[in-house]
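Chemist: Right, I'll just put the structure down here and ask away after.
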Amino acid sequence: MKEWISNYIEAQKKTLDAIPAGAVEQLVQVLKTALRGDHQIFVFGNGGSAANASHFITDLGKGSSDKIGRRFRCLTLNDNVSWMTAIGNDYSYDDIFVRQLENYAKPGDVAFTMSVSGNSPNVVKAIDWAAKKGLETIALVGGKRGKVAQIAKHVIAVDSEHYGRAEDTQMLICHLLCYAFMEMPELAK
């Protein structure tokens, strides 16, 4: 057991070491532009990525906003269960994100997804719609990259196909994005 734990931690370190700092810096700039333009940031994913989306929006909307003294207009599309189940029941599960974007999103807003496979039909459909409607599109994906990585403008592919390591790395990237503003509030100027 001890050896398995050590190996798991070592593999996670390797995945974290492969995060492209320049790509994360570009995402900070996208968020900064959204903040300055009073654009909305919509974040979404499935399963563990949905949990990461909720966590990220909490940190960005509260923690980062508090530190910079300005409010990020941000929302996760995962947290309204009534709306998601109504869309899934009346249309299709593939529509649970895109139909919410149709209600809220405007050109210049940000559609930000996390998907380890990069192939979840609901994520692909939402990012495709967003790209066609003039939104900035961001995808954090796993090592397989998937279809969403071919569509999104800004892509960070985590160097692992392991769901746990990929999701842990997604959350670290999200923390980097939030703490950039928390620890360097001058970024918001």
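Any read-out appearing in this document is the output of simple, stated calculations on the displayed coordinates, not a laboratory observation. Note that the structure is a prediction, hence the values are computed from the model and not measured. Virtual Cβ from ideal backbone geometry, glycine too; neighbours counted across all protein chains shown.
Chemist: If you place +1 on the Cβ of every Lys and Arg and -1 on the Cβ of every Asp and Glu, how big does the dipole about the Cα centre of the chain come out, in debye to the nearest 20? Each step should come with its number before you reach the end.
Modeler: Working: 21 positive and 21 negative charges, 88 e Å.
My answer is approximately 420 debye.
Chemist: May I pose another question? Looking at ALA50, ILE68, ASN80, which one has the Cα that reaches farthest to the positive end of the dipole of the chain (charges on Cβ: Lys, Arg +1; Asp, Glu -1)?
Modeler: Positive-most Cα among the choices belongs to ILE68.
Chemist: Highest mean first, what order results for 85-93, 109-117, 59-67, 165-173 on Cβ atoms within 10 Å?
Modeler: Numbers: 85-93: 13.2, 109-117: 27.4, 59-67: 18.6, 165-173: 21.4.
For the peptides 85-93, 109-117, 59-67, 165-173, the packing ranking is 109-117, 165-173, 59-67, 85-93.
Chemist: Shifting gears a bit: In this model, which of LYS106/LYS132; LYS14/LYS153; LYS32/LYS62; LYS32/LYS106; LYS132/LYS153 are farther than 22 Å apart at the alpha-carbon?
Modeler: Details: LYS106/LYS132 11 Å; LYS14/LYS153 26 Å; LYS32/LYS62 16 Å; LYS32/LYS106 17 Å; LYS132/LYS153 11 Å.
Result: LYS14/LYS153 exceed 22 Å.
Chemist: Using only alpha carbon pairs under 8 Å that are at least six residues apart, calculate the relative contact order of the chain and give it in whole percent. It would help to have the intermediate numbers written out before the result.
Modeler: Details: 321 pairs, mean separation 47.1, N = 189.
Over the chain, the number comes to 25 percent.
Chemist: Moving on. Can you tell me how much longer the chain between VAL28 and ILE9 gets when fully stretched, taken as 0.36 nm per residue apart minus their C-alpha distance, in nm with one decimal?
Modeler: Values: separation 19, 0.36 × 19 = 6.84 nm, distance 2.74 nm.
Length gained between VAL28 and ILE9: 4.1 nm.
Chemist: Still on this model: Starting from the Cα gyration tensor of region 1-93, take the square roots of the eigenvalues, sort them a ≥ b ≥ c, and report rounded, prolate or oblate (rounded when a/c is under 1.5, otherwise prolate if a/b is larger than b/c, else oblate). Mind showing how you got there, number by number?
Modeler: Values: a/c = 2.35, a/b = 1.22, b/c = 1.93.
The shape class here is oblate.
Chemist: P(r) tail for region 30-189, what percent of Cα pairs lie past 19 Å? If you can, show how the numbers build up before the last one.
Modeler: Working: 6438 of 12720 pairs.
When every Cα pair of region 30-189 is considered, 51 percent fall beyond 19 Å.
Chemist: A further question follows. Is any helix in the chain, taking whole DSSP H runs, at least 24 angstrom long along its axis by alpha carbon and on average at least 1.0 on the Kyte-Doolittle scale, and which ones? Write out the running numbers ahead of the final one.
Modeler: Details: long enough: 163-183 (29 Å, 0.27).
Going by DSSP H runs, there are no hits.
Chemist: Search the structure for amide H atoms under 5 Å from the amide H of GLU161, placed 1.01 Å from N in the peptide plane, and list their residues when 5 or more places away or on another chain.
Modeler: GLY143
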